[in-house]
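What follows is a short report on a single structure.
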Amino acid sequence: MSTVLVYADRADVRERVKAAIGTLPDPRLGEIEFVDVSDGRELVDAVDHGEADLCVLDAEATPEGGMGLSRQLKNEVADCPPTVLLVARADDRWLATWSLADAVVTHPVDPDELTAAVVGLLLARRSGLPVRRPVTYATHPARA
């Protein structure tokens, strides 16, 4: 079982993320357990205590955006889990370099893109393979 922490200040965003990924996105992973977080301090505490195998962070969350939190986690947590950053515009993908996010997906969430990012990163983490950052899944012609 893998635990995916979903950070967004809005409950509807968290629900869309969880619905897009589903509880069994890939049989190799087993069932996914989700943890909802709407507060930056709670997010950092959960990751610091090893409560997440992967984090999906909403870059548009307020008052603390997912970009800054991703960078903070990557710089402060020794064995930081992979992070997937949700950005509002495809043009914001370059910011993943600064945020140190491992993957970038655009809003509105495309289930195939988000699932591909989550499954790929969880499998890589499980196998100990390095991840080349950032992996960008914002490939829709209308959004790219």
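For the reader, a short list of remarks on this structure follows.
- Residue list for segment 20-49, restricted to those being free of Cβ contacts under 8 Å to residues at least 24 places away in the same chain and either of a type in the set (A, V, I, L, M) or in contact with a Pro (Cβ under 7 Å, 6 or more places away or on another chain) (or both): Leu24
- Test for Arg71: is it without any contact (Cβ under 8 Å) to a residue 40 or more places away in the chain and touching a Leu at 6+ places or on another chain (Cβ under 6 Å): yes
- A single entry from Ala52, Ala90 fulfils the requirement of being among the small types (Gly, Ala, Ser), modelled with pLDDT of 95 or more and at negative phi: Ala52.
- Residue count for segment 50-68, restricted to those that are more than 14 Å from Val13 (Cβ to Cβ) and touching a residue at least 60 places away in the same chain (Cβ under 8 Å): 2
- Residue match in segment 57-74 (condition: surrounded by fewer than 16 Cβ atoms within 10 Å (Cβ to Cβ) and assigned to a loop (DSSP other than H, G, I, E, B)): yes
- Condition check for Ala11 on (1) closer than 23 Å to Arg125 by Cα; (2) out of contact with any His (no Cβ under 9 Å at 6 or more places or on another chain); (3) hydrophobic (A, V, I, L, M, F, W, C): one failure, at (1).
The values are calculated or read from the model by the stated rules, or taken from the named source; none is laboratory data. Not measured: the values here are computed from a predicted model. Cβ: placed from backbone, ideal geometry, glycine included. Neighbour counts: every protein chain shown.
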